[in-house]
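The next block holds one structure in the form of structure tokens; read it before the comments.
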Amino acid sequence: MSRLKRLKEIPLEKLNAKKFILEKTKEIQAKVGAEKAICALSGGVDSAVVAMLGHKAIGNRMKTYFVDSGLMRDGEKEEVIETFKQLGIHVNTIQASKIFFNRLKGIKDPEKKREAITFAFYRDVFPKIMKREGTKFLLHGTNYTDIEETVKGIKRQHNILSQIGLNTIKEFGCIVLEPLAELRKPAIRVIAKELGLPKEIYERVPFPGPALAARVIGEVTLQKIAVVRKATKIVEEELRETNAFQYLAILHEDKITGIKENKRVFGNQIEVRCWESEDASKARPTELSYQKLARIAQRITNEIPSVVSVTYNISKKPPSTIEAV
Ligand code: XMP
């Protein structure tokens with residue numbers, strides 16, 4: 001039987017949030033016993049729910065970390081730490097940007113890039129944290145759609161391990177617990193609300209584990225991440241009001257001729273995407289007004305010196321995917 005068939009999805013309409021939380025809390029307690037566990041909190045709804053479930057289950061033996069990969073958005077670390085402080089959860093940080101950029105160096109192939117992100121997390125960063133905390137237990141926010149996409153060969157999601165045959169103890173020295181593996185995003189949002197997470201978390205727009213590296217076509221460098229980070233900030237500021245499922249900026253690999261300050265330049269191209277979707281498995285572009293698109297283009301080309309061209313993606317998923325890498 002395939003790994004996907006063995007895992008049963010709990011559809012939103014069949015979800016009993018209270019019961020689910022109780023069962024998963026007991027499961028974590030039973031597996032972790034008297035030991036500690038770690039989790040990597042990005043601030044997204046999946047990892048936030050896992051951190052909360054872990055704290056509910058084993059209290060302060062749950063060690064929550066924000067991995068500063070150098071690939072995150074502007075101000076993201078500070079925001080996540082502050083939000084969880086308000087919830088009474090201390091978030092440790094680990095500086096790992098050198099690790100991530102070294103792993104990504106010279107890689108252009110999208111699946112190899114995703115593999116490099118996996119290795120940065122699981123071979124380099126998590127073993128350090130597990131050693132520091134003296135545990136092998138790692139709690140993960142893997143959801144049903146992540147598993148489905150990877151197992152079906154659509155795209156390797158950075159956090160899919162055992163489902164593609166990787167032995168996590170042998171490969172990375174960790175025992176992975178995935179309490180959300182049966183749920184898709186809308187169901188996870190319900191659990192988040194039930195757990196008392198604030199609205200900015202349970203309604204948070206998805207952001208991928210590989211972070212801005214999933215939005216740079218070609219080799220990922222510090223300079224390219226800086227460009228896509230600025231474009232992301234503008235796109236998020238402009239499109240938040242749409243309440244779309246997800247909106248993002250992508251930095252293309254090709255450069256093109258443009259004009260800045262009355263001179264020819266060979267500049268960057270940014271692609272904007274804005275998606276309507278239920279659970280990320282299918283999506284269609286939001287019908288943004290021309291006025292909105294023009295404003296985004298103007299802001300990006302004015303505020304980011306290297307960018308000379310902005311486009312809007314009008315294809316559906318499939319055949320497109322939500323992220324570019
Ligand atoms: P795609 O690009 O496959 O994205 O259409 C579907 C949804 O998943 C998010 N995404 C990821 N999330 N690790 C994650 O945690 C990943 O490797 C990853 N790749 C994509 C994406 O942002 C979208 O919401």
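The values are calculated or read from the model by the stated rules, or taken from the named source; none is laboratory data. Everything numeric here is computed off the predicted structure, so don't read it as measured data. Don't worry about glycine lacking a Cβ; one is built from the backbone with ideal geometry, like all the others, and counts go over all protein chains shown. Remember, those area values only see protein heavy atoms, side chains included, never the ligands or the DNA or RNA. Shrake-Rupley method; radii C 1.70, N 1.55, O 1.52, S 1.80 Å.
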Exercise for the section: Using a cut-off of 10 Å between beta-carbons, work out the net charge of the residues near residue 115 (Lys and Arg +1, Asp and Glu -1, residue 115 not included). Expected result: +3
Exercise for the section: For residue 281, put the label point 7 Å out on the Cα→Cβ axis and report which residues of region 164-189 keep their amide N under 14 Å from it. Expected result: 182-188
Practice task
Please compute the net charge surrounding residue 183, taking Lys and Arg as +1 and Asp and Glu as -1 over other residues with Cβ under 15 Å from its Cβ.
Solution key: -4
Problem - Under 10 Å, Cβ to Cβ, from residue 79 - net charge with Lys/Arg +1 and Asp/Glu -1 - result: -3
Fill in the blank from the handout: Under a Gaussian network model of the chain whose springs join Cα atoms within less than 10 Å, the largest fluctuation of 44, 258, 141 belongs to 258
Completion exercise
Set 63/170; 263/316; 85/233; 199/317; 26/185, cut-off 29 Å on Cα-Cα distance; pairs above it are 263/316
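Tell me, what is the per residue accessible area of the chain in Å², probe radius 1.4 Å?
49 Å²
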Exercise for the section: Report, in degrees rounded to the nearest 10, the 0 to 90 angle that the Cα long axis of helix 185-194 makes with the longest principal axis of the chain. Expected result: 60 degrees
Completion exercise
Non-local residues with an amide H under 5 Å from the amide H of residue 265, with H modelled 1.01 Å from N and Pro and chain starts lacking one, are 258, 259, 260
Practice task
List the aspartates and glutamates whose Cα lies under 20 Å from the Cα of residue 24, skipping any in the same chain that are fewer than 8 positions away.
Solution key: 9, 13, 35, 46, 146, 178, 182, 194
Completion exercise
To the nearest 10 degrees, the tilt of helix 45-58 (Cα long axis) against the first principal axis of the alpha carbons of the chain is 20 degrees
Exercise for the section: Pull out the extension gain between residue 23 and residue 164, defined as 0.36 nm times the separation in residues minus the alpha carbon to alpha carbon distance; nm, one decimal. Expected result: 48.2 nm
Fill in the blank from the handout: Taking only C-alpha positions in region 185-301, Rg and Dmax in angstrom work out to 16.4, 56
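How large is the dipole of the chain about the Cα centre if only Lys and Arg carry +1 and Asp and Glu carry -1, each at its Cβ, rounded to the nearest 20 debye?
In total the dipole reaches around 640 debye.
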Completion exercise
Note to self: C-alpha centroids of region 36-53 and region 247-296 sit apart, in Å, by 31 Å
